[in-house]
1. Taking all pairs of different Cα atoms in the stretch 80-190, averaging 1/r and flipping that mean, what Kirkwood radius in angstroms comes out?
2. Please compute the volume of the convex hull spanned by the alpha-carbon atoms of the chain and report it per residue in Å³.
3. What figure, in Å² to the nearest 10, do you get for the accessible area of Ser41 with a 1.4 Å probe and non-protein molecules left out?
4. Using the crude model of +1 on Lys and Arg Cβ and -1 on Asp and Glu Cβ, and no other charge, please compute the dipole size for the chain relative to its Cα centre, in debye to 20.
5. In nm, what is the difference between 0.36 nm times the number of residues separating Arg136 and Cys76 and their Cα-Cα distance?
6. Along Cα→Cβ, 7 Å out, is where each label goes; now give me the distance between the ones at Asn92 and Glu196 in nm to one decimal.
7. May I ask for the net charge around Val121, where only other residues with Cβ less than 12 Å from the Cβ of Val121 are counted and Lys, Arg are +1 while Asp, Glu are -1?
8. Per residue of the chain, what 222 nm ellipticity follows from adding -39500 (n - 2.57) for every DSSP H run with n ≥ 4, rounded to the nearest 500?
Amino acid sequence: MSKGLLIVVSGPSGAGKGTICAEYCKRHPEVFLSVSATTRSPRPGEQDGVHYFFYSKEEFKGMIENNELLEWAQYCENFYGTPKKYVEQALNEGRDVILEIEVQGALNVQSRFAGGTYVFVLPPDPDVLADRLRGRQTETEEVVQKRLSRAMEELPLMSHYDYVLENDQLEEAVNDLERIVRAEKMSRPRRIEDLEQIWKIKE
Ligand code: 5GP
């Protein structure tokens with residue numbers, strides 16, 4: 001059985017990564033959406049183990065020391081990380097896995113994991129990004145400002161990604177993500193092992 005595809009959906013906070021990933025997984029319930037660990041406090045309505053695993057800074061450091069995280073990053077004074085074991089398990093079962101993470105973490109995955117697909121999500125323009133961050137009404141203006149300046153630092157790093165996904169209309173953005181996944185599954189490096197067996201191809 002071939003391994004699942006690791007799809008890393010990343011980009012500035014407020015780009016709409018979370019909404020795109022949630023909608024994609026509604027359409028594809030077989031896909032494993034990784035639940036991250038974080039030290040930030042839960043927002044109203046967020047449940048432990050569903051939206052995030054919420055930890056203290058000490059607990060989070062313990063996870064780093066025990067090598068339990070595939071990647072982690074500090075983002076605006078909090079830590080965020082991807083628990084490794086569930087991701088590896090799902091990929092080995094042949095399930096596709098989506099990581100919805102910020103840019104530094106995505107680059108860390110790139111340096112440790114061969115074969116992932118990296119998608120950078122962007123809103124149509126900077127004004128829309130600011131509006132989306134303020135429109136959530138979950139963060140103070142100070143936090144919004146920090147996230148905006150972080151977004152500007154992250155933009156040049158899109159050069160490390162395979163695809164850029166402009167998130168104007170949600171429906172269309174999810175369609176685009178489906179197209180990306182489909183294309184990746186047809187890519188020669190992913191197909192070659194199966195094809196060599198079926199067609200008895202010899203170099
Ligand atoms: P928020 O506080 O808005 O939920 O998340 C802040 C940022 O952290 C978002 O850009 C989100 O994608 C990112 N993030 C969420 N989980 C992880 C993770 O496991 N690792 C990394 N590196 N970033 C994450």
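1. Numbers: mean 1/r = 0.0628 Å⁻¹.
Kirkwood radius, the stretch 80-190: 15.9 Å.
2. Values: hull volume 27.4 nm³, N = 203.
Looking at the chain, the number lands at 135 Å³ per residue.
3. About 90 Å², rounded to the nearest 10.
4. Details: 26 positive and 35 negative charges, 106 e Å.
Its charge dipole is roughly 520 debye.
5. Working: separation 60, 0.36 × 60 = 21.60 nm, distance 1.69 nm.
Result: 19.9 nm gained on full extension.
6. Result for the modelled spin labels: 2.3 nm.
7. Details: positive: Lys17, Arg132; negative: Glu100, Glu102, Glu154, Glu166, Asp168, Asp176.
With Lys, Arg at +1 and Asp, Glu at -1, the net is -4.
8. Numbers: 8 runs with 91 residues, N = 203.
-13500 deg cm²/dmol, from helical runs alone.
The values are calculated or read from the model by the stated rules, or taken from the named source; none is laboratory data. In this text the structure is predicted, and so the values were computed from the model without any measurement. Note that each Cβ is placed from the backbone with ideal geometry, even for glycine, and that neighbours are counted across all protein chains shown. With ligands, DNA and RNA removed, areas are computed over all heavy atoms of the protein, side chains included. Shrake-Rupley method; radii C 1.70, N 1.55, O 1.52, S 1.80 Å.
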